[in-house]
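The values are calculated or read from the model by the stated rules, or taken from the named source; none is laboratory data. Quantities reported herein were computed from a predicted structural model and do not represent experimental measurements. Positions of Cβ are generated from backbone atoms using ideal geometry, with glycine treated the same way; all protein chains shown enter the neighbour counts. SASA here: full protein model, heavy atoms, side chains in, ligands and nucleic acids out. Shrake-Rupley method; radii C 1.70, N 1.55, O 1.52, S 1.80 Å.
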Amino acid sequence: MRFAFLQGEPFRAAVATKRESQTNSARILIGTASWTDPGFVERWYPKKMAAHERLAWYAQHFEMVEVNSSFYSVPNERMVERWCASTPNNFTFDVKLHQLFSFHSTQRKLLPPELQRIAQSDAKEKVNRSPELQEALLESFLRPMSILQSAGKLGVLLLQLSPAFSPRKHELDELKPLIEQLAGWPLAIEFRNRHWGVEDQLRSTIDFLSRHHVAFVNVDAPSADHFSILPSDLNEVTNADFTYLRLHGRDAKAYLTGKTVAARFNYDYSDEEISDIADRCEKLTAKAKAVHVVFNNNNLDYAPRAALRLRKALGQSVAAPSPETPELF
């Protein structure tokens with residue numbers, strides 16, 4: 001099925017125009033994974049700020065955010081329109097693709113209502129990942145994405161694969177149908193199984209993504225050999241237009257044993273570590289026209305404060321702290 005949205009050359013032209021209107025040099029876009037985490041609300045946003053005001057306030061401090069709620073449900077089109085209305089013209093949304101595309105086990109209730117009625121599932125309500133269902137879901141998913149795209153605010157679609165997607169059980173060619181259906185849309189893939197990023201397999205992975213113009217997601221993660229942790233010493237660029245860096249914190253025990261998202265990524269980056277990350281970002285700009293940097297250390301308010309410190313370390317202008325908010329630096 002072909003999707004009747006802005007794609008291919010028109011999309012690349014729109015992205016180029018947006019980039020050139022802001023700067024002629026490589027851009028480093030810094031933000032957090034979500035803007036609605038409970039820790040943000042409790043510790044970072046001004047007290048008693050209404051929920052519908054938070055995105056606009058977030059956008060005063062950052063030029064980009066990664067939408068993570070889309071991993072669990074397709075965003076409502078009216079909601080996406082409100083996102084656009086709440087943010088400046090140069091704001092960017094990176095959007096995580098729905099978990100059905102990521103080889104994760106998916107509950108029927110996480111599909112749009114019209115697809116829940118037709119999806120086949122097992123006794124535990126886990127749906128069968130048929131090509132027909134995935135195609136229908138993608139069509140549903142891209143409708144709200146076209147709103148962001150038309151507004152010039154769509155950054156990158158992020159496919160975060162399940163750790164169970166391993167070279168031992170799967171092949172990279174299994175990703176080709178989705179990649180081909182998303183031709184013309186900016187796509188980045190985060191592997192969550194270490195074996196895709198080591199030894200001979202690394203070169204095969206990078207070659208595959210390069211051929212398909214898909215960005216490899218580099219990570220900052222704990223120094224551990226666990227199969228679910230990709231090496232942090234990779235700085236691979238497989239699409240010269242953009243690359244991606246996601247920061248998960250460096251606490252291996254928390255990452256591997258945490259029972260909640262906040263517990264897994266409970267890490268407060270030091271100033272020295274922020275300086276090292278700034279150096280890494282600048283190195284990536286030598287290979288890509290844009291670097292998307294997302295802090296996923298989302299316990300308490302660690303992510304927005306680390307992201308603001310990185311912006312400052314890179315010499316980017318940041319909003320002055322609100323009188324209602326504790327000092328940010």
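One table, with the values for the structure above:
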| item | result |
| --- | --- |
| Under-5 Å amide H pairs with residue 160, H placed in peptide plane, nonlocal only | 97, 190 |
| Rg(Cα) / (2.2 N^0.38 Å) computed for segment 203-326, rounded to two decimals | 1.13 |
| Trypsin sites (Lys or Arg not before Pro) restricted to segment 21-95 and DSSP loop, no more than 13 other C-beta within 10 Å | 47, 48 |
| Percent accessible area from carbon and sulfur atoms, the chain, protein chains only, probe 1.4 Å | 49 |
| Cα-only radius of gyration and Dmax that characterise segment 45-159, units Å | 15.8, 47 |
| Label-point separation in nm, residue 283 to residue 47, each point 7 Å along Cα→Cβ | 4.4 |
| Inter-site label distance for residue 139 and residue 77 at 7 Å from Cα along Cβ, in nm | 1.4 |
| Probe 1.4 Å, protein heavy atoms only - accessible area per residue of segment 78-148 in square angstrom | 48 |
| Segment 118-147 versus segment 202-238: alpha-carbon centroid distance in Å | 27 |
| In order through segment 87-92: 3J(HN,Hα) via Karplus (6.51 cos²θ - 1.76 cosθ + 1.60), integer Hz, x for Gly, Pro | 10, x, 4, 8, 7, 10 |
| Student exercise, segment 87-198 dipole from Lys, Arg, Asp, Glu Cβ charges, in Debye to nearest 20 | 400 |
| Positive dipole terminus of the chain, leading residue within 130, 189, 235 (C-beta point charges) | 130 |
| Distant-in-sequence amide H partners of residue 27 (H built 1.01 Å from N, under 5 Å) | 290, 291 |
| 5 angstrom amide H check on residue 267, placed H, neighbours 5+ away | 299 |
| For segment 44-50, Karplus couplings with θ = phi - 60° (6.51, -1.76, 1.60), whole Hz, Gly/Pro x | 10, 5, x, 4, 6, 5, 5 |
| Selection from 118, 296, 154, by position along the positive dipole direction of the chain (Cβ) | 118 |
| Unit charges at the beta carbon, dipole of segment 19-78: most positive-side option, 33, 45, 61 | 45 |
| Along each principal axis, Cα extent of the chain, largest first, Å | 53, 45, 42 |
| Longest to shortest principal axis, alpha-carbon extents of segment 163-208, angstrom | 31, 18, 15 |
| Within segment 72-114: Cβ-based charge dipole about Cα centre, in debye rounded to nearest 20 (Lys, Arg +1; Asp, Glu -1) | 180 |
| More than 17 angstrom apart: percent of Cα pairs within segment 121-236 | 62 |
| Accessible surface, per residue, of segment 192-329 when the full set of protein chains is kept, probe 1.4 Å, Å² | 44 |
| Size of electric dipole in segment 192-297: Cβ of Lys, Arg +1 and of Asp, Glu -1, about Cα centre, debye, nearest 20 | 480 |
| Simple label model, 7 Å out from Cα along Cβ direction - residue 162 to residue 107, nm | 1.5 |
| GluC sites (Glu not before Pro) restricted to segment 59-145 and DSSP loop, no more than 13 other C-beta within 10 Å | 125 |
